[in-house]
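Step one of this worksheet: look at the structure below.
The values are calculated or read from the model by the stated rules, or taken from the named source; none is laboratory data. Quick caveat, the model's predicted, so the values are computed rather than measured. Positions of Cβ are generated from backbone atoms using ideal geometry, with glycine treated the same way; all protein chains shown enter the neighbour counts. Heads up: the accessible areas ignore ligands, DNA and RNA and are worked out on the full protein's heavy atoms, side chains in. Shrake-Rupley method; radii C 1.70, N 1.55, O 1.52, S 1.80 Å.
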Amino acid sequence: MPTPLTPATIALIKATVPALEAHGLAITRRMYERLFENPDIRDLFNQSHHGETGSQPKALAQAVLAYARHIDNLGVLGGAVERIAQKHVALNILPEHYPFVADALLGAIGDVLGEAATPEIRAAWGEAYWFLAELLIGREAGIYREQASRPGGWNGWRDFVVESVTPESETIRSFVLVPADGGPVLRHEPGQYLGFLVTRPGQGVLKRNYSISCAPNDRAYRITVKREERAGEPAGLVSTWLHDHAGPGTLLKVSAPAGEFVLDRADETPVVLVSGGVGLTPMVSMLETIAATTPARPTWFVHGALNGRVHAMRDHARSLAAGRDTIRLKTFYAEPEAQDRLGDHYDAQGLITADWLVAHTPHAAATYYLCGPKPFLASLVQGLQRHGVPHDRVRFEFFGPADDLLDAPR
């Protein structure tokens, strides 16, 4: 454990909360500008959260503000520390990278706050940064050791080969990946993701995380990827490349499974798996695992899609539930089309709501696992909590930085 923060440092950090509320986003934007002046450091990060969407500076601003607010009670941030450590491991962040971030952050505080960033305040934030950095470095070292020591495990980037590609809908495809060295894979926890490093001419080094969409095994991973194309916005650089160019034999660099959003397999109480769009990928991993290992566990698989054209893995989910009264499927289409038949292709029109979940699932006993877009998650997380579902039984994951939901309990 790092040396505890001094009372004077805690008081100074707390005193900066109003400044962070007013200028936190400007500080984190400036921090990344400084940090990315070094191309080696820039390439460590997922640039889709910076150049493509700009969401990472906001997420970091929220995280820094939460850290300052709770600097005298850091136990409440334990979940955030674990989440950050898992993300860092997927990106292969190492201890030698932390000084660059420290210099960029402290420099940005001075740039944005000017004379208000007194030497005392800069020193306090330096101490606070390194306290958190040492926590993360220690946890990340533990994750790296665990990954390397388990059967099939590794650290760094390992070469995988695309074995097969399966269209799942008009916009989603599954890719089965096997190690190029012919060895086994590390058995993941259902819900975890893989990190990918892709180098494209003219685009540099691109890093992305994709959830594993199959049950744990020793041979292969499957990822299920949506082709990201939005009117007026950049297309997903890596997802588009995978859809257009990755086929059997394509070589990909992959980091070991990571992530803290995982199915509790030791608990056989009811579970409700709720997903929106491509958020179903970790849920399919969980559903496959339950069907194979604990088929008597009461399970609800609730999925929302726009319509049948983009509904992925419908037949696969049905095959997992077939003949099992304990696994119940429910599908919502927000905008069903003429060819989508109620009662056949989908079960209800509209959006999944917390009210529906409370009325149709055992909310007094179940654990809810949620994955999907931010508005989907915000509505369900807050709605379930309003209905009295305890924080520790509402677990969620979405693809991207956890900004608006950062302070929501996991």
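Protein-only accessible surface at a 1.4 angstrom probe places the residues GLU37, GLU127, GLU115 in the order GLU115, GLU37, GLU127, largest first. Once Cα Rg over 2.2 N^0.38 Å is calculated for the structure shown, the corresponding label among (i) 1.20; (ii) 1.01; (iii) 1.14 turns out to be (ii).
For the range 265-332 and the range 78-126, what is the centre-to-centre distance using only Cα atoms, to the nearest Å? Cα centroid of the range 265-332 versus Cα centroid of the range 78-126: 40 Å apart. Accessible area of CYS371 (1.4 Å probe, protein heavy atoms only, ligands and nucleic acids ignored): about 0 Å². Loop-located trypsin sites (Lys or Arg not before Pro) in the range 148-243 (DSSP state not H, G, I, E or B) with no more than 13 neighbouring Cβ atoms inside 10 Å: ARG219, ARG230.
Toward the positive end of the charge dipole of the chain, with +1 on the Cβ of Lys and Arg and -1 on the Cβ of Asp and Glu, the farthest Cα among LEU60, ILE93, ILE212 is that of ILE212. The ratio of the alpha-carbon radius of gyration of the range 280-389 to the globular-protein estimate 2.2 N^0.38 Å is 1.06. Axis angle, to the nearest 10 degrees, between helix 119-149 and the longest C-alpha principal axis of the chain: 40 degrees.
Given the rule -39500 (n - 2.57) for each run of at least 4 DSSP H residues, summed and divided by the residues of the chain, what is its mean residue ellipticity at 222 nm, to the nearest 500 deg cm²/dmol?
Per the formula, -12500 deg cm²/dmol.
Bridgeable lysines around LYS87 (alpha carbons under 21 Å apart, same-chain partners fewer than 8 residues away excluded): LYS58, LYS207, LYS226, LYS253, LYS374. Of the residues PRO57, PRO167, PRO179, the one that moves most in a GNM of the chain with alpha-carbon contacts below 10 Å is PRO167.
Carbon and sulfur: what percent of the chain's accessible surface (1.4 Å probe)? Its accessible area is 55 percent carbon and sulfur atoms.
Relative to the longest principal axis of the Cα atoms of the chain, the long axis of helix 17-35 lies at roughly 80 degrees.
Relative to the longest principal axis of the Cα atoms of the chain, the long axis of helix 374-386 makes an angle of roughly 90 degrees. Positive-end ranking of VAL161, LEU237, PRO18 along the dipole of the chain, with charges on Cβ about the Cα centre, is headed by VAL161. Filter the trypsin sites (Lys or Arg not before Pro) in the range 268-348 down to the DSSP loop ones having no more than 15 other Cβ atoms within 10 Å, then list what survives. Answer by residue number: ARG324, ARG341. Ranking THR353, LEU320, ALA338 by how far each Cα lies toward the positive end of the dipole of the range 315-354 (charges on Cβ) leaves LEU320 at the top. Taking Lys and Arg as +1 and Asp and Glu as -1, the other residues whose beta-carbon sits under 13 Å from that of THR331 total +1. Solvent exposure of the chain amounts to 43 Å² per residue of accessible area, where only protein heavy atoms count and the probe is 1.4 Å.
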